[in-house]
Each structure stands twice: as C-alpha cells, then as structure tokens.
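What follows is a short report on a single structure.
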Amino acid sequence: MAISPILLLAILSLIYGNGVLPIEATHHVYRNLQTLSSDSSDQPYRTAYHFQPRKNWINDPNGPMRYKGLYHLFYQYNPKGAVWGNIVWAHSISNDLVNWTPLDHAIYPSQPSDINGCWSGSATILPGGKPAILYTGINPNKHQVQNLAIPKNMSDPLLREWVKSPKNPLMAPTSSNNINSSSFRDPTTAWLGKDGYWRVLIGSKIHTRGMAILYKSKNFVNWVQAKQPLHSAEGTGMWECPDFYPVLDNKGPSTIGLDTSVNGDNVRHVLKVSLDDTKHDHYLIGTYDIAKDIFTPDNGFEDSQTVLRYDYGKYYASKTIFEDGKNRRVLLGWVNESSSVPDDIKKGWAGIHTIPRAIWLHKSGKQLVQWPVVELESLRVNPVHWPTKVVKGGEMLQVTGVTAAQADVEISFEVNEFGKAEVLDKWVDPQILCSRKGAAVKGGLGPFGLLVFASRGLQEYTAVFFRIFRYQNKNLVLMCSDQSRSSLNKDNDMTTYGTFVDMDPLHEKLSLRTLIDRSVVESFGGEGMACITARVYPTIAINKKAQLYAFNNGTAAVKITRLSAWSMKKAKIN
C-alpha cells in the first residue's frame, strides 16, 4: 500500500558526515578481552541463514573444499572470546552450503612452527583425491611461517583429524631470502603446471610494495622460492589472503568455473588480494605466463579508479574453491561487525560469513559477476509477487506478506525520463557520492530502491538504491547502501557504501537482489555486477517490528517491472 511521501525521510533525517571508515583491523589485539564473552539470550542481531559459530569470534574462511560429497569449511576462530585472539582452525561440514554441522577444531597450536597461532591458509586436492592444507603458523619468535597438514584418515569423509608434517615449517623467512617475518602469510590453493611443479602464493610486502611471493615444489613438501613474485605493486601495503585462479573467457554468458590448474586458450586469470591497509578485497583480471611465472593485469593498481572489488561494503579475507561436480567456482568471505567491541562482548559473538556466491567472468571480460548459490533458494517460503507498478516521485510502497527482518527480495526497475538525470561534472569516488546523496536527498532519476529494516515511523531504515547521473554524455548508474539512519544507537559504524555499476540502463535491466538477515544486508545490483554487504543494528526495526518498502525519491517516476519476495526459513547452522 502507498503511504506518506518519501519527503518524510528528509524531515526525520539529519545530514550525517560523509566520512569513509575502514573495517576494524583483522588482527587488532584486545589482550584483556580475548577470553570474555556473554551467552545473552536476547539475540535480535544473530543471523538466521548466514554462517557463524554458536558464539565467540570468527574471521577468515580457510581451506574450503568438497571431499567425498561433503563441503568442508574451516575458519579462523577464537574459542575463548568475542574478539580476535587464541586463533585456531574451527571446522564445519555441509551437504548444501546452507546448513552446517560443527566438528572439533581441525588445526590448533601444537608444534613450534605454530605454537603462537594457526592463521589463514588454503586446501589443495592432490592427485588421488588427497586433501592437503597449507597454513600460516606463528613460531616462538613471532615469525610467520608456512606449514602443511594432511588428514590422518583418508577414508573418513568428515576429515576429523589432521596430522602436521614433521618437516614444518616448509617455507620461512631467513636472512638470505630477506622476507619480512611479520608480513608473510596466507598461502593460496596450489596449482600444478605442465612442468610437474606445484605453485603456491604467499602474501607479503617490502616497505609499501605489496606482493604475491611464488614458491614451487615437485612433492608438495620441499618448496623453493621463485626469483621474483608472481605480481607486486608499489604503495599497496601488505597483501593478505591472496587468491589466484583461472576464469573462462568465451565472450558469452557462461557461468562455468575452471579447475585452479587450468590454463590455455579462452582462459584469463584473476589475482585477488586483501589489502591490509584498506581492509578491502581487490581483484585484477589479466594474463598468466606460466613459462615465466608472471601475471600481467589488464589494469593495475596504478589507476585506483579501475581497480575492482568483490564487494563494496564490509567484506574481507575471501577465498574461492572450484567445485568440479557442478563446474562452478564458489566464493566465501568474512564480514566483521559494525557494532562496538563492548556490544560484541555483550552479545557473545562477532563476525559472520556471506552467503556463498558463484563467481564467473562477465561476458565483457572486464569484471567478475557474483550470485548467491542456488542452494540458498531452498530456504524461501511464502512468496510475494507484484504485478507491474509505477512508483511516482516521493512515493513508498510497503512490501507485506514477508518476514521483513529475514527475507530474500528481487526487484527490477525500468526508467525512461533520462533527461531528468543529474549531471556529474567530474568523477567522484562513488562511496563519497553515496554519502553526500543518500536516500533522503531528493534527485532527478533516483534515488529508487528498497528500504529495509525500516521502523514504522522511519526513525530507522537502511536504504539500498540506484541513482542515475549523466556523465561525459553517458548514463552512469550509482548503487548505494545507505546505513546512515540504520540505528538510533550511534556507537555503531554507520558508514554508507557505494559503487558505479558498469551498465546502460537504456538497454539493460536495473535489477536488485537483497538478502536481509537480522543484522546483515547483502545486495546484488545489475544481476551480480555490483555487490554491497552491510551490517546494521536497529533498535526499533527488529524482529516483527521491521518493515520493508520499495521507494522512489526522485522527481521522475520509475516502473517496477518485477518484485518477488520470500520469507526465509532458518538454516541449521552450527
């Protein structure tokens, strides 16, 4: 039903600053808090279908694999508290990437090469279907070194016990290799070259030059450092959690994934790095010369405007796996809290993972596309479908019949009055542009989209929307996730996020899919061409008091060509 005009947003809203805040540092140490947590039963922010442990701190996804029909997910975990510290590899298994069962911790400090912590790493499936894990350990000197672990019992589909190599560490900083001992971590999944050598990357830096150090091995135990990194870039700082994999480039709409060791015709490569300085996951698309072991990106870090990100919100330390049974590559990532540390300790947990996403190369060859794995749709119930509706400027339409705090919404828009698009005279960082022109700022063609976690009087809401500009005689689509009014609790980080979507709204569908789950808003624009994840903690719009709207705060009318929404069942997670 239509209710009072969107101008109410402006009346209720104060203009917040447009500062851009990074997420909390991955390894920020709260020594006096590492063993503190609460078992509060009042949990309005605990997610219903996003992965998280029962309690305590979680960060990077580690070593995801599929083995004997089961998905295995390991993850950085503090078993003693709701802040980072005491890190082990926790372990859960799944049949469908949606419902997860916890097992005992897989890897934990037990030998000199990891006695001060078992940090991130990856799994590789060796010939014969044998899994092997390479991970970073912290030795007695607090140096970062690389270790190997293999299953104790290969016939156990649960992979409950892991045995560490007596030759650990296999890769370590020395006086001769001049590797920074405090910046040498997070080995990738290895790939096998035609020369019979395995290759693996380790994230590192020298001064401000970030790099992916390359190692080679015939037997996966004795590793030799290559003469030069696979790739490096000045001014980027430490490269955490690197990931390197091939993608199919067939100039058509194909979602097929490739095994990590594939190379050849119609194959491009992706190098993803998690930048410790910015806490964002960036990726480069380019060419891998396996003879020279050099990766050459189409566009490098030198041009900050062209460096792409998996997700333009709160998202970090991601990892992909190739799933041969379904010929797809799946992406998993960590999302930190936006609440304060005292609030995290009070609720007894911190951190979630995003919904696993299928990932592939867009037909243009310029960027990747991401979409929630199809298995998630098994949680959909009570569908709501709208006929075509015109949304006038200043109008909101409430979406009823779904559980607004726990939903999956797909909406598509058609726009026609391009002459009303605001003119952008010069390029502006899209996140700053979204902060300046939030949902309450009236425009020409937009903002239009969804209001989620909205309270009845709109004292609280999170807005996910599009706004179209005219820039250099072309239509420019801006996608925003505006958290500035998401909560009356001002202790939260309520940074607004945004990105431009590389599409022409004159010829392509302006679509938005938003996964709403108690304290997370995970949005996919342009059929997965742009992704933004946010954490929000409303004080009023929680549980049954949360409401959902489609809105338009531009002067031009827009047409909703499709709206489908579902309530989401609770997944069985840990």
In nanometres, the difference between 0.36 nm per residue of separation and the alpha-carbon distance of residue 299 and residue 506 is 71.8 nm
Sites residue 195 and residue 381 - FRET efficiency at Förster radius 51 Å, r taken between beta-carbons, to 0.05:
0.45
Just the accessible area per residue of the chain, please: how many Å² with a 1.4 Å probe?
38
Suppose we take every Cα in the range 379-479 and form the convex hull; what volume per residue is that in Å³?
125
State the Kirkwood hydrodynamic radius of the range 66-129 in Å, one decimal place, computed from all pairs of distinct Cα atoms.
13.1
If you take the alpha carbon radius of gyration of the range 223-273 and divide it by 2.2 N^0.38 Å, what ratio comes out, to two decimals?
1.42
For the range 163-279, the convex hull over Cα atoms projects on average to an area in nm² of 9.4
What is the Rg over Rh value, at two decimals, for the range 499-574, using alpha-carbon atoms and the Kirkwood definition of Rh?
1.00
Residues of the range 164-204 with the amide nitrogen closer than 18 Å to a label point 7 Å from the Cα of residue 221, along Cα-to-Cβ, please.
164-172, 197-199
With θ taken as phi - 60° and the coefficients 6.51, -1.76 and 1.60, list the Karplus ³J(HN,Hα) couplings across the range 203-210 in order, rounded to whole Hz; mark glycine and proline as x.
x, 7, 7, 10, 6, 9, 8, x
Taking Rh as the Kirkwood radius, which is the inverse of the mean 1/r over Cα pairs, what is the Rg/Rh value for the range 63-372?
0.93
quick note, the range 63-372, DSSP beta bridge pairs, % antiparallel (nearest 5) is 100
Roughly what % of DSSP beta bridges within the chain run antiparallel, to the nearest 5?
95
Just need the Rg to Rh number for the chain, please, alpha carbons only, Kirkwood Rh.
0.96
Using amide H atoms built in the peptide plane, which far-off residues or other-chain residues are under 5 Å from residue 368 H to H?
362
Residue 489 and residue 178 label points (each 7 Å along its Cα→Cβ direction) are spaced in nm at 4.9
Stick to the Cα atoms of the range 309-373, pair each with every other, and give me the Kirkwood hydrodynamic radius in Å at one decimal.
13.5
Non-local amide H neighbours of residue 51 (under 5 Å, H modeled in plane, Pro and chain starts lacking H): which ones?
353
For the range 302-438, convex hull volume per residue from C-alpha positions, Å³:
240
Using θ = phi - 60° and the Karplus form 6.51 cos²θ - 1.76 cosθ + 1.60, what ³J(HN,Hα) does each residue of the range 182-197 get, whole Hz, x for Gly and Pro?
9, 9, 8, 7, 6, x, 7, 4, 7, 10, 9, x, 5, 7, x, 9
Please report the projected area of the range 463-513's Cα convex hull averaged over all directions, in nm².
4.3
Give me the distance in nm between label points sitting 7 Å out from Cα along the Cα-to-Cβ direction at residue 340 and residue 95, one decimal.
4.5
Summing +1 per Lys or Arg and -1 per Asp or Glu among the other residues with Cβ less than 11 Å from residue 245's Cβ gives +2
Quick one: Cα convex hull volume of the range 52-166, Å³ per residue?
95
Keeping the other protein chains in place, figure out the carbon and sulfur percent of the accessible area of the range 380-568, with a 1.4 Å probe.
47
Rounded to the nearest 0.05, what FRET efficiency is calculated for residue 54 and residue 429 with R0 set to 60 Å and r the Cβ-Cβ distance?
0.95
Dividing the alpha-carbon radius of gyration of the range 380-568 by 2.2 N^0.38 Å (N being the number of residues), what value is obtained?
0.95
Quick calc: nm separation of the 7 Å Cα→Cβ label points for residue 208 and residue 158 -> 5.1
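The values are calculated or read from the model by the stated rules, or taken from the named source; none is laboratory data. Computed from a predicted model, the values in this text were never measured in an experiment. A quick note on method: Cβ atoms are made from the backbone with ideal geometry, for glycine too, and the neighbour counts reach across all protein chains shown. When the accessible area is computed, the model is the full protein with side chains, heavy atoms only, and any ligands, DNA or RNA have been set aside. Shrake-Rupley method; radii C 1.70, N 1.55, O 1.52, S 1.80 Å.
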